[in-house]
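Structure first, then comments.
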């Protein structure tokens, strides 16, 4: 054994210095640094986590559904849970850089295929499945909890244009995305719709594209262009529509009133009122209003606030209200009608050549009205539409009007009125009655009687004449008629086909044509041999 | 005759590369008389190296499991998959056997390896008195099963190479795969650095 042991060779000694530090430790240090870096990096690149509440989670799949911003994937839905109120809470983690766009006023919505009157959108999600999109907000503060929108908001982000604010009491069929029309061209859309905190009305935000923003001046008026406007008033039936999309989807329109040329474009976020239709939007373009009170004796049935006030057919104002009051001194009830007259409209229509002052003062206007009244201008109630019985107030000049003056110191100066309409008709009837009274009816009837008696005798003479005719003339006439008939009969037989007259006539005609032919031969011969007239026919030619 | 526990006690060294037995010359650094490879009584710095590799592997085990190992993008969108989410997908699609295989090979095995190696290192450091044969078996198991953990990397490599249908479907590796590969390699290195003979050494036997 020891021999064999001796056979085992000895190891060769070597020289190497032992490193003071085991190099192998570099590996876990590198791993630690690497792991630490990954941890720090992932912690740094971790964006915010947001929670969005939706009515339902259709198409949302935790871990799969993607959050997109401007069509870039920026996160995924991590889980879906329920809120206490039963809505669905969708939690999503976003990437670090996209997280910066999530502000307090960001909006989240689910993008899925959508077909509406305005078009088809989200077709790509047919294959990829729904995703959650959001819009960047403008708020300074970052947001974490959001209420998801059921309908995608209009895409105005990054689009040039201006936003304006509208106030209305009735949103009608307007919704976010409804078109804003300018001369029936889509110029923008409704971007937000919100009930005022006190519940008194609605505030709308509309976005107008930069191409049209110059037309939105401080003077423009916005109105509901939704659906079809049927107006039935003193002026008759009117139907007004906007574009088909607006009819179906609702929309609003704006336009500058006619007298506002040259107005400066409105700055962003200018507030406007939203009128219910075009006519009401356009009927208030006059800012100077003078109120008058009128008293009518007729029934006010058929009069409504907003009814027109015409001056000889020109619209210059509208009825603002009416009611009744008790006049204690006279002990009677009176029925005042309040009207608003657009004095600047009066001014516009007042053409007085060189006498017209450039800028009219209130005194000038009063003077005009005074002159009109002095000239006999009176207010009358008239029926504008016979079918509907709508009344309007007509200012017109009445002949022989009782003189009146306007007391300008009253809060509502009283405009003198005159009876019109039915009472005028009654007056006319009265006139006719007096004229009838004045007629010499008895004399007329005496004359009439005499005339009738002579007419009677004349008629009697006529009847005797008729008797004579009957007895004497009629038999003679009958005999004459029968002899005429016989004459006609013989004439018929004479002219008939087989009558001798006919055959004689035919023979005669035949002979006549024969002699005519001979005559033609003769004339031919004479044409060729004119000398034969003198010499006679040469014998050899035969 | 004195009962010898090991060759080391008799002053013999074994060359681990050519198998030559040599008599220790007593110097600090020795070389194999046949192949010239450096030889020693036990693997040099075995416990230190094993521990170092083990710590590195344990650190990387975290990102290996948390980071996505691959990204699948198809027509209907893209998706990042970690090892665990891959297993979940397999379970959801009903591929139970495959799910179990991936789960064991990619999650359980690396973890058990880490635990087993840590146990072995601790047992030597703490000079456990328990019979070393059981621990030796554990070591053999670790060494044998270790390579199978590369199954995931292998599958991923195949997928990345094969599924390149551009717009239709693409599979791309993600950093998790690197971490995972590193974990497997580091545990292999760690197991390799471990000298099982240490399990049998009595205190004070090895000079």
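The values are calculated or read from the model by the stated rules, or taken from the named source; none is laboratory data. Being a predicted model, the structure only gives us computed values, none of them experimental. Cβ: placed from backbone, ideal geometry, glycine included. Neighbour counts: every protein chain shown.
A few remarks follow.
- Residue A:296 vs. criteria under 23 Å from residue A:232 (Cα atoms) and touching a strand residue (DSSP E or B) at 6+ places or on another chain (Cβ under 6 Å): no
- Test set (1) assigned to a loop (DSSP other than H, G, I, E, B); (2) in the same structural domain as residue B:125 (by TED's automatic domain parsing) - residue B:35 fails condition number: (2)
- Residues of region A:126-159 that turn out to be within 32 Å of the chain's Cα centre (by Cα) and either modelled with pLDDT of 80 or more or surrounded by 12 or more Cβ atoms within 10 Å (Cβ to Cβ) (or both), as a count: 8
- Of the numbered criteria (1) modelled with pLDDT under 80; (2) touching a helix residue (DSSP H, G or I) at 6+ places or on another chain (Cβ under 7 Å); (3) surrounded by 15 or more Cβ atoms within 10 Å (Cβ to Cβ); (4) at the interface with chain A (Cβ under 9 Å from one of its Cβ atoms), the one residue B:63 fails is (1).
- Residue in region B:72-104 that is nearest to the chain's Cα centre (by Cα), counting only those that are at pLDDT 80 or above and within 10 Å of chain A (Cβ to nearest Cβ): B:85
- Set B:69, B:39: member being at the interface with chain A (Cβ under 7 Å from one of its Cβ atoms) and surrounded by 19 or more Cβ atoms within 10 Å (Cβ to Cβ): B:39
- Filter pass, residue B:109 being under 28 Å from residue B:121 (Cα atoms) and more than 7 Å from chain A (Cβ to nearest Cβ): yes
Residue-wise test of (1) within 23 Å of residue A:137 (Cα to Cα); (2) within 14 Å of chain B (Cβ to nearest Cβ); (3) outside any helix (DSSP H, G or I); (4) at pLDDT 85 or above.
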position: A:20; (1), (2), (3), (4): no, yes, yes, no
position: A:24; (1), (2), (3), (4): no, yes, no, no
position: A:29; (1), (2), (3), (4): no, yes, no, yes
position: A:32; (1), (2), (3), (4): no, yes, no, yes
position: A:49; (1), (2), (3), (4): yes, no, yes, yes
position: A:53; (1), (2), (3), (4): yes, no, yes, yes
position: A:68; (1), (2), (3), (4): yes, yes, yes, yes
position: A:85; (1), (2), (3), (4): no, no, yes, yes
position: A:89; (1), (2), (3), (4): yes, no, yes, yes
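- Filtering B:52, B:58 for residues that are more than 7 Å from chain A (Cβ to nearest Cβ) and assigned to a helix (DSSP H, G or I) leaves a single hit, B:58.
- Residue count for region A:34-47, restricted to those that are within 14 Å of another protein chain (Cβ to nearest Cβ) and surrounded by 17 or more Cβ atoms within 10 Å (Cβ to Cβ): 3.
- Meets criteria (more than 14 Å from chain A (Cβ to nearest Cβ), more than 16 Å from residue B:69 (Cβ to Cβ) and either outside any helix (DSSP H, G or I) or within 20 Å of the chain's Cα centre (by Cα) (or both)) for residue B:145: yes
- Unmet criterion (only one of (1) in contact (Cβ under 8 Å) with a residue 12 or more places away in the chain; (2) farther than 20 Å from residue A:268 by Cβ; (3) in contact with a strand residue (DSSP E or B) (Cβ under 6 Å, 6 or more places away or on another chain)) for residue A:81: (1)
- Count of region B:116-135 residues which are assigned to a helix (DSSP H, G or I) and exposed (fewer than 13 other Cβ atoms within 10 Å of the Cβ): 4
- Region A:201-231: number of residues that are at pLDDT below 80 and exposed (fewer than 13 other Cβ atoms within 10 Å of the Cβ): 2
- Residue in region A:183-195 that is at pLDDT below 80, out of contact with any helix residue (DSSP H, G or I) (no Cβ under 8 Å at 6 or more places or on another chain) and surrounded by fewer than 21 Cβ atoms within 10 Å (Cβ to Cβ) present: no
- Hits in region B:12-24 (condition: at the interface with chain A (Cβ under 9 Å from one of its Cβ atoms) and either free of Cβ contacts under 8 Å to residues at least 24 places away in the same chain or at positive phi (or both)): B:12, B:20, B:21, B:22, B:23, B:24
- Among the residues of region B:1-11, those that are part of a loop (DSSP other than H, G, I, E, B) and either surrounded by 18 or more Cβ atoms within 10 Å (Cβ to Cβ) or within 11 Å of another protein chain (Cβ to nearest Cβ) (or both) comprise B:1, B:11.
- Any hit, region B:175-190, residues being under 26 Å from residue A:30 (Cβ atoms) and more than 14 Å from every other protein chain (Cβ to nearest Cβ): no
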